[in-house]
1. Per the 1.4 Å probe, what fraction of the accessible area of segment 67-167, in percent, lies on carbon and sulfur atoms?
2. Extension gain ASP240-THR53, at 0.36 nm per residue separation less the Cα-Cα distance, in nm?
3. Could you give the dipole magnitude of segment 160-271 about its Cα centre, charging the beta-carbon of Lys and Arg +1 and that of Asp and Glu -1, in debye to the nearest 20?
4. Mind giving me the FRET efficiency for VAL303 and ALA181? R0 is 45 Å, r the Cβ-Cβ distance, nearest 0.05 is fine.
5. Divide, for segment 202-249, the radius of gyration over alpha carbons by 2.2 N^0.38 Å, where N is the residue count.
6. Can you work out the Karplus-derived ³J(HN,Hα) for every residue in segment 159-170? Use 6.51 cos²θ - 1.76 cosθ + 1.60 with θ = phi - 60°, whole Hz, and x for glycine or proline.
7. What would the Debye formula give as log10 I(q)/I(0) at q = 0.14, 0.19, 0.22, 0.23 Å⁻¹ for the alpha-carbon point model of segment 98-189, no solvent?
8. What spacing in nm lies between the two simple spin-label points modelled at ALA43 and ALA114, each 7 Å away from Cα in the Cβ direction?
Amino acid sequence: MPERAWRAIQGDEAVEVIAADTSLARSAHPKWRVIPFTVGLAALVVAHYPLLTFGPEAGRATGIEGALFEPTMASPGLVMLCWVGLIVLRWPRLRGFEGRESPAAGALVVLLGAALCLWAHYTAVVPLLLISLGVLVLGTGLMLGGMGAFRTLLFPCVFLLLALPVPTPLVNAFMYPLQLANAHAVGVVLEAIGFSPFVSGDLVFLDERIFQVIEGCSGLRTILIVTMSACLFTQLAWHDPKRTFALILLAPLIGAVTNHFRILTIIFNPAAAFASAHTAQGLAMMVIAVIIIALADLALGRVWPTPATEQLPVEA
């Protein structure tokens, strides 16, 4: 008999019986299961230890400027730290799926992840370890908690892919068009506020000064960082999945707009020749981008209200 119907018939006594049965079932699980889980976790860390020192391709900029704005670089340490935080947030929900194991399906996914891990070590392709890590975590969740745990871990494991450096062909395909688009947009804004700029390619001529929209100002990395920030924001807000997806789709546009204003602030900044000024302005624009994400979420809430919860509920 379904639990709800039993409660309706028997009242509070049934609730106490169900609670007692649940506690007995959980206590019946052998404690030695902690041992293979600990061994598996240690093996996972050892197999993916190169990720701890993973450094993407270096660009012209270094330090914070390079990590946040250089198109050919990535921020694997920051992404992995956020990934661990996302899993910790989901831990109470994951524990609720105890007893719903799918060992056969989970073992197949784990074998796939192990094969990817071995291939990454064999070919010395460290970024491939990010993919194998996500697959292994998904397979472990499926093995120990069934499809409920798999779905719970899916978002963090997809988020982990943001640690991958953008492939060079994609950088070449998008970076220069973004530089040209930003230079043209800057010219339009300057004309609108009374200046007389001249734009040629990625160069903006203003009075006796010449500004170049370099690779770090193309906005490619800014878009990725702002998208990552939107992913984290939606997970802290616990919105409806559709509203979450809508906000993440808006993130690249928010990143492009904030990067455009960053270029404008550099043009009007008397200390624009100093690299430290570029970094400070970039960090300020990142903060503004997060504020815009929150405002966009507030606007979405007015036209698309969805209930928010403090934590992810466990599926019945």
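The values are calculated or read from the model by the stated rules, or taken from the named source; none is laboratory data. These numbers come from a predicted model, not from an experiment. Note that each Cβ is placed from the backbone with ideal geometry, even for glycine, and that neighbours are counted across all protein chains shown. Note: accessible area is taken over every heavy atom of the protein model, side chains too, but ligands, DNA and RNA are not part of it. Shrake-Rupley method; radii C 1.70, N 1.55, O 1.52, S 1.80 Å.
1. Details: 3540 of 4480 Å².
Carbon with sulfur: 79 percent of the solvent-accessible area.
2. Numbers: separation 187, 0.36 × 187 = 67.32 nm, distance 3.64 nm.
Stretched out fully, the ASP240 to THR53 stretch lengthens by 63.7 nm.
3. Numbers: 5 positive and 6 negative charges, 81 e Å.
Rounded to the nearest 20 debye, it is 380 debye.
4. The formula returns an efficiency of 0.95 here.
5. Details: Rg = 17.2 Å, N = 48, 2.2 N^0.38 = 9.6 Å.
For segment 202-249, the normalised Cα radius of gyration comes out at 1.79.
6. Using θ = phi - 60°, the values come out as 4, 4, 5, 5, 6, 6, x, 5, x, 4, x, 5 Hz.
7. So the normalised log intensities are -0.63, -0.86, -1.01, -1.05.
8. Label-label distance for ALA43 and ALA114, simple model: 0.5 nm.
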